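Student: Let me give you the structure first, and then I'll get to my questions.
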Amino acid sequence: MLDGAIPPELSDPDHLWYGLTLRARTIVYNTDRMDVADVPTHYADLADPEWKGRVCMRDSSNVYQQSLVASLIAEDGDAEALRIVTGWANNAEILNNDVIILESIADGLCDVGIVNHYYLGRKLEEDPSFPVGLVWAEQDGRGVHVNISGGGITKYSKHPEQARQFLEWLATDGQGILVDANHEYPANPSVPPEPLIAEEFGTDFTRDPLQASVFGALNGDAVRLMDEAGYR
Amino acid sequence: MTSTSWRPSSTWGWSASAIVAATLVVVPVGMLATSVLSPSRDVWAQQWSTRLPGELVTTAVLLVGVAVGSIVLGAGLAWLVSAYRFPGSGTFGWMLILPFAMPSYILGFLTLSTLGRTGPVQDAWRSAFGQDAWFPAVESLGGAIVAFTLVLYPYVYLLTRAALRDQAAGAYQAARTLGAGPSEAARRVVLPLVRPAIAAGGAVVMMETLTDFATVQYFGVDTVSVGVFRIWRGTYDRDAASEIATLVLAFALMAIGMERVARGRAKFGQSGGAASGLDRRVLTGWRAVLATSTCAGIVLGAFVGPVIQLSVWAIREQTGNRGTPLLDQYPGYLWHSVQLVVVTVVICTLVAFVVANARRFGGRRTTQLASRAIAVGYAVPGPVVGIGVLLATVAVDRALGRIGLGLPGFVATGSLLVLVYAYTVRFLAPGLSAVESGVGQVPEEMTASARTLGAPPIETARRVHVPLARASLFTAAVLVGVDALKELPIVLLLRPFGFDTLPVWVYNLASESRYEQAALPALSIIVVALLPVYLLSRRLEGSPR
């Protein structure tokens with residue numbers, strides 16, 4: 001039943017865990033200062049010298065930044081990933097959480113940045129006129145990088161059967177409750193996302209099909225690569 | 001008077017207790033430390049050519065900056081309120097302890113949310129003076145040093161005030177009677193007498209700074225501890241992370257070394273008559289204004305202002321339309337925190353008293369070594385203690401299993417025990433340091449008299465040392481309790497599934513800039529930490545003058 005509800009690229013190949021909600025890491029911009037047509041749509045674009053001093057990004061201790069770089073390594077190779085991250089390091093002001101990145105963009109301290117989409121959802125919920133918008137990255141190619149919140153059953157679980165039923169519920173009828181509170185996208189394709197993000201960000205975007213287990217395995221390489229690129 | 005005149009047969013039990021306590025503290029740390037003997041050469045080379053040199057410099061500057069700041073502020077304020085009268089001086093005497101209740105990670109996120117780059121102050125600044133108007137970088141090493149200093153100076157302040165009252169007052173009056181001017185008496189008589197207290201305070205402050213990893217992250221300050229975390233969690237290379245963590249240990253040993261040097265051979269006891277406190281000179285005119293406004297500024301900036309801001313947020317959050325579903329979990333978080341604190345305080349105070357007495361009754365060199373070994377636990381960053389304790393208990397688990405006493409996964413997963421063990425490793429040192437200074441102030445002649453009159457060590461400890469060192473036992477309990485309540489990294493690492501404490505809640509919310517929701521648990525930590533601070537201030541102020 002879980003295999004029917006959750007697409008295979010969002011689950012563990014060995015069925016040890018299943019993705020339940022999705023966190024897209026994409027490019028955001030100041031809607032007052034920029035035209036959407038001028039917003040870069042590739043992660044690599046932000047490494048171009050023209051963006052020097054105009055980008056806000058997350059520090060290398062953060063797991064989302066690590067997984068994004070790991071996906072670059074998996075898809076573009078070591079050398080290209082190093083070039084991109086070095087460019088980011090030269091261009092970007094590196095901050096310590098996604099909300100501060102969004103607020104810095106809203107305050108005009110940077111023009112563009114990379115954040116998880118639901119932080120912007122939360123900001124727009126508090127203030128519909130928050131002057132930051134989102135573009136889906138890499139739509140002409142592999143699609144936007146996505147992280148997963150998921151669940152599995154531990155080996156020594158005291159109640160494996162109830163745990164399985166709970167997981168199944170979370171993957172189906174429970175999806176709405178899961179995503180309504182946190183603005184994440186449901187992993188079950190037959191469940192619509194909550195209205196705010198459906199309206200603001202849409203549902204029609206391509207996500208990078210790279211398996212979480214693949215970029216997860218490259219996480220250590222990503223940390224080392226950021227060290228080498230001088231990316232704080 | 002030497003220990004040889006006491007019955008030697010009675011001493012080994014005390015020495016053994018001290019050694020057992022020290023061993024329990026040192027083994028987890030040792031298991032980590034020995035990891036460096038088989039180094040992950042590639043990781044060291046890679047780190048050395050990238051982040052490590054910068055992290056070492058940053059850590060050193062941070063430690064020295066916070067220590068100097070706390071000593072200047074803590075000792076200066078202690079002298080100000082002990083030696084002078086000015087409007088509000090009596091009130092400030094206890095109010096200046098208040099920041100003790102403020103964990104650095106709470107003042108840290110408050111600083112960033114108000115003074116940080118996207119906070120209201122800089123927003124207003126930019127709209128007044130233009131988008132590119134200069135403003136001091138708050139998210140910086142300097143910002144972190146100021147924030148740490150504002151919450152850590154009370155350690156120096158408390159120890160210095162106690163020393164001034166108990167040890168320096170009589171000597172100061174004697175010096176004045178013999179014709180020394182006030183500043184000469186302060187410089188030549190008081191300063192040397194309180195130097196050990198200042199040095200001890202400075203060492204504690206450095207260790208507190210060294211163990212932090214949340215506040216420095218808020219300020220974007222990359223210390224070695226942050227580096228260890230990045231390697232541990234980012235690359236899963238636990239061997240390399242433990243090896244790099246030995247550098248943090250090296251910093252801690254340096255801090256201890258600096259304290260020993262600063263303290264020198266000084267060892268003071270006061271016998272004959274209760275200390276009567278300093279005669280306070282009355283400040284008038286601009287001096288009084290300056291003294292009052294300095295104290296008021298510190299108390300406002302480090303405590304009252306932040307508490308008001310948190311209260312506003314907490315009220316807005318409870319009355320806002322979002323509601324706080326997290327509130328339902330509040331009693332659970334609170335109960336977890338209380339459990340941990342109470343158990344840790346009881347264990348640490350008891351063990352500290354035994355070890356402090358062992359230094360009187362046991363072999364001197366052995367017990368001194370044990371007490372220094374215990375100090376290491378406090379200097380090792382919480383997460384590293386956590387990892388070490390995990391290594392040690394898993395080893396015990398396996399050993400028990402091998403001899404057929406194993407309960408599957410008992411230690412590793414039933415880890416409330418492990419959590420308490422780790423807390424004890426971490427917080428025995430401040431408790432011991434307080435109890436030792438109390439027992440150490442009992443004149444050796446008094447111990448010797450009791451023993452000569454036939455009282456066995458236990459009775460001497462109970463009937464002579466406990467009453468005379470009662471204040472220090474109390475101080476120990478308070479220091480341990482507040483530290484345990486604020487503790488974050490260990491509980492993040494070792495908590496049993498679902499065992500979230502108030503600091504974990506605060507950290508999770510503040511890391512995502514959900515300041516309004518973090519306000520209630522943050523206030524709760526501060527309020528609970530205020531209770532011991534209140535008792536401590538009464539003890540400090542209410543003693544006979």
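Student: With θ set to phi - 60°, apply the Karplus curve 6.51 cos²θ - 1.76 cosθ + 1.60 along segment A:99-113 and write out the HN-Hα couplings as whole Hz, x wherever there is a Gly or Pro.
Tutor: Those phi angles translate into 5, 5, 4, 4, 5, 5, 5, 4, 7, x, 6, 9, 9, 9, x Hz.
Student: While we're on this one: Given an 8 Å cut-off on Cα distances and at least 6 residues of separation, report the relative contact order of chain B as a percent.
Tutor: Relative contact order, chain B: 24 percent.
Student: Can you tell me the dipole magnitude for segment B:106-188 around its Cα centre, using point charges on the Cβ only (Lys, Arg +1; Asp, Glu -1), in Debye to the nearest 20?
Tutor: Computed charge dipole of segment B:106-188: roughly 400 debye.
Student: Based on Cβ point charges of +1 for Lys and Arg and -1 for Asp and Glu, what charge dipole magnitude is obtained for chain B about its Cα centre, in debye rounded to the nearest 20?
Tutor: Dipole magnitude for chain B comes out near 1760 debye.
Student: Something else about it: What is the fewest-to-most order of A:86, B:344, B:91 by other Cβ atoms lying within 10 Å of their Cβ?
Tutor: Final ranking by Cβ density, sparse to dense: B:91, A:86, B:344.
Student: In addition: Could you work out the relative contact order of segment A:73-226? I mean the mean sequence separation of Cα pairs under 8 Å and 6+ apart, divided by the number of residues, in percent.
Tutor: 25
Student: Non-local amide H neighbours of residue B:84 (under 5 Å, H modeled in plane, Pro and chain starts lacking H): which ones?
Tutor: Excluding prolines and chain starts, which carry no amide H, the hits are B:281.
Student: Please average, across the residues of B:99-105, the number of beta carbons from any other chain that are within 10 Å of each residue's own beta carbon, and give a whole number.
Tutor: 0
Student: Next up: Express in whole angstrom the spacing between the alpha-carbon centres of segment A:68-84 and segment B:132-160.
Tutor: 39
Student: Compare the Cα positions of B:182, B:38, B:198 along the charge dipole of chain B (+1 at Cβ of Lys, Arg; -1 at Cβ of Asp, Glu; about the Cα centre) and return the one farthest towards the positive end.
Tutor: B:182
Student: For B:112, B:350, B:98, what's the fewest-to-most ordering of other Cβ within 10 Å of each Cβ?
Tutor: B:350, B:98, B:112
Student: Only helices at least 27 Å long along their axis, Cα-based, and averaging 1.6 or more on Kyte-Doolittle count here, so list those DSSP H runs from chain B.
Tutor: Flagged H segments are B:12-33, B:52-83.
Student: Pairing the Cα long axis of helix A:219-228 with the longest principal axis of chain A, what angle in degrees results, from 0 to 90 and rounded to the nearest 10?
Tutor: 10
Student: Within 10 Å, count the other beta carbons around each residue, average over each peptide in B:172-184, B:448-460, and list them highest first.
Tutor: Top to bottom by mean Cβ count within 10 Å: B:448-460, B:172-184.
Student: Separate question: Starting from the Cα of residue A:52, draw a straight line to each of the aspartates and glutamates and keep only those under 14 Å, dropping any in the same chain fewer than 8 residues away.
Tutor: Correct list for residue A:52: A:93, A:111.
Student: Count, for each residue of A:96-109, the Cβ atoms from other chains sitting within 10 Å of its Cβ, then give me the mean as a whole number.
Tutor: Mean shielding by partner chains, rounded to a whole number: 5.
Student: Could you give the size of the charge dipole of the protein assembly as shown about its Cα centre, using +1 on the Cβ of each K and R and -1 on the Cβ of each D and E, expressed in debye and rounded to the nearest 20?
Tutor: 5880
Student: Work out the charge dipole of the protein assembly as shown with +1 on the Cβ of Lys and Arg and -1 on the Cβ of Asp and Glu about the Cα centre, then indicate which of B:453, B:227, B:135 is farthest towards its positive end.
Tutor: Highest projection toward the positive end goes to B:453.
Student: Also, quick follow-up: Taking other Cβ within 10 Å of each residue's Cβ, how do A:159, A:42 sort, fewest first?
Tutor: Sorted ascending by nearby Cβ count, the order is A:159, A:42.
Student: Please work through the protein assembly as shown and write down the cysteines that have no neighbouring cysteine Cβ at a distance under 4.7 Å.
Tutor: Here B:295, B:348 come out as lacking a disulfide-compatible partner, given the Cβ-Cβ threshold of under 4.7 Å.
Student: Could you grab the relative contact order for segment B:375-486? Cα pairs under 8 Å, six or more apart, rounded to a whole percent.
Tutor: Rounded, it is 30 percent for segment B:375-486.
Here, each number is a calculation from the coordinates, and none is a lab measurement. Just so it is clear, the structure is predicted and the values come from calculations on it, not from any experiment. Methodologically, a virtual Cβ is constructed for each residue, glycine included, from the backbone with ideal geometry; neighbour enumeration extends over all protein chains shown.
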